[in-house]
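The values are calculated or read from the model by the stated rules, or taken from the named source; none is laboratory data. Keep in mind that what you see is a predicted model, and the values were worked out from it rather than measured. Don't worry about glycine lacking a Cβ; one is built from the backbone with ideal geometry, like all the others, and counts go over all protein chains shown. In case anyone asks, the SASA skips ligands and DNA or RNA and just uses the protein heavy atoms, side chains included. Shrake-Rupley method; radii C 1.70, N 1.55, O 1.52, S 1.80 Å.
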Amino acid sequence: MAFGITKAVIRKWKSDIDAGKIAFLTHYWLDDRFPACKTVTKVGASDLNQLILWGKQYGLKPEWIHHRKDGYSHYDLLGDKQIEIMRLEGKEEHIWR
């Protein structure tokens, strides 16, 4: 279940993807499969090859991409990997959210 995010933030994430950027969206999230995780960062791109290349630099596998028919395919980053990547990307504000 996702919460703690506004429609404006979601629109910005989608707008960045539509503009050809790698886009980051962090929100609170609860899922019984991942009880230790309280947030998720969605990293999306409209160009799947661009997203795959971005993910490879962090050891993310293409099969981990959440493929969406609406064009907003993305990786879901959780836990320690989420924090590590956000720091390396200079997205500390996503960690503090």
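Using a Gaussian network model of the chain whose springs link C-alpha atoms within less than 10 Å, name the residue from ASP31, ASP70, ASP16 with the highest mean-square fluctuation. Evaluated over the chain, the most mobile residue of the options is ASP70. For LYS61, the lysines whose Cα falls under 22 Å of its own Cα, not counting residues fewer than eight places away in the same chain, are LYS21, LYS42, LYS69, LYS81, LYS91. By the gyration tensor of its Cα atoms, with a ≥ b ≥ c the square roots of the eigenvalues, what is the shape of the stretch 43-97: rounded for a/c under 1.5, prolate for a/b over b/c, or oblate? It is prolate, given that a/c is not under 1.5 and a/b is the larger ratio. Rolling a 1.4 angstrom probe over the chain with all protein chains present gives an accessible area of which 55% lies on carbon and sulfur atoms. Farthest towards the positive end of the charge dipole of the chain, among the residues TYR58, MET86, ALA45, is the Cα of ALA45, using unit charges on the Cβ of Lys, Arg, Asp and Glu. At a probe radius of 1.4 angstrom, the accessible area of the chain per residue rounds to 64 square angstrom.
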